[in-house]
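Asker: Got a structure for you, questions after.
None of the figures in this text is laboratory data; all of them are computed from the coordinates on show. Note that this is a predicted model, so its numbers are computed, not measured. Glycine gets a Cβ as well: all are built from the backbone with ideal geometry, and neighbour counts include every protein chain shown.
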Amino acid sequence: SQEALDTGYLWFVGDLLVLSLVYAGWRGLRRGRPRPGRRLDIGARHLLMLAAAVGLATFLVRLVFPFAGERYVDLNVYQSPECVALFALGVMAARSGWLTAVPERLRIHSRTATLVAAGGFAVFVAWGAVSGGLAGDTWMGGWHVEALMFAALEGALAVFGPVWLLAVAQRRLDRPTRWAGPVVGRSAYGAFIVQGLVLLGLAVALR
């Protein structure tokens with residue numbers, strides 16, 4: 001039986017809508033209040049603390065909503081700490097100005113942390129394959145060491161990975177491509193939205 005409202009591959013749109021409405025409401029409540037003059041200078045230490053908080057919060061959330069579970073609504077609630085953290089990080093990053101250019105030191109630290117976390121995932125999977133520790137679903141959630149390790153590694157990748165990829169895109173992909181660049185850029189989000197319908201249509205046609 002269907003336990004949740006199925007949002008399919010557009011689950012992130014629902015999450016983004018909820019977070020955007022919450023942020024818009026918060027800004028509306030703070031309208032007219034004086035803003036602090038000092039802005040937070042985001043560094044590797046802040047990202048490390050954020051990754052640790054995301055890992056712990058993810059572990060706690062998955063006590064109720066296991067990984068890949070679809071209870072009540074299919075909005076990937078088991079990944080909600082990562083979604084909230086990245087939304088807030090994006091807001092702070094925009095205010096700090098490094099959505100245009102990630103600081104070099106932050107890029108290096110984010111790259112190192114991402115590669116270490118990816119290596120940790122490889123070791124985690126290899127250990128599970130050899131020892132049989134991942135044979136069950138203990139890593140998906142609950143009071144299990146495997147669940148805590150998985151959440152911690154996922155939190156590190158979720159925080160540092162996007163920052164590094166953003167820096168790579170700024171340095172490697174921000175190049176003029178004549179008329180195709182603006183067209184492709186404007187069409188990217190729409191292409192993702194309709195990809196499901198196109199792929200399903202092709203599958204039906206091939207069958």
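Asker: Work out the FRET efficiency for residue 198 and residue 18 from their Cβ-Cβ distance, taking R0 = 30 Å, and round it to the nearest 0.05.
Answerer: The computed FRET efficiency comes out at 0.65.
Asker: Tell me, what HN-Hα J-couplings in whole Hz come from the Karplus equation 6.51 cos²θ - 1.76 cosθ + 1.60 at θ = phi - 60° for each residue of segment 96-105, using x for Gly and Pro?
Answerer: So the Karplus estimates, Gly and Pro as x, are 7, x, 9, 6, 8, 8, 5, x, 4, 5 Hz.
Asker: Please work out how much length the chain gains when fully extended from residue 206 to residue 184, using 0.36 nm per residue of separation minus the C-alpha to C-alpha distance, in nm with one decimal.
Answerer: Taking residue 206 through residue 184 to full extension adds about 5.2 nm, to one decimal.
Asker: Taking 0.36 nm per residue of sequence separation and subtracting the Cα-Cα distance, how much length would be gained by fully extending the chain between residue 105 and residue 30, in nm to one decimal? Before the final figure, lay out the partial values.
Answerer: Values: separation 75, 0.36 × 75 = 27.00 nm, distance 3.32 nm.
Gain on stretching residue 105 to residue 30: 23.7 nm.
Asker: Quick one, what does Rg over Rh come out to for segment 80-144 if you take C-alpha atoms and the Kirkwood Rh?
Answerer: Result: Rg/Rh = 1.15.
Asker: Could you calculate the contour length gain from residue 60 to residue 137, that is, 0.36 nm times the residue separation minus the distance between their Cα atoms, to one decimal place in nm?
Answerer: Net length gain for the segment: 26.1 nm.
Asker: Starting from the Cα of residue 68, move 7 Å in the Cα-to-Cβ direction to define the label point; list residues of segment 143-164 whose amide nitrogen is under 17 Å from there.
Answerer: 146-148, 150-151, 154
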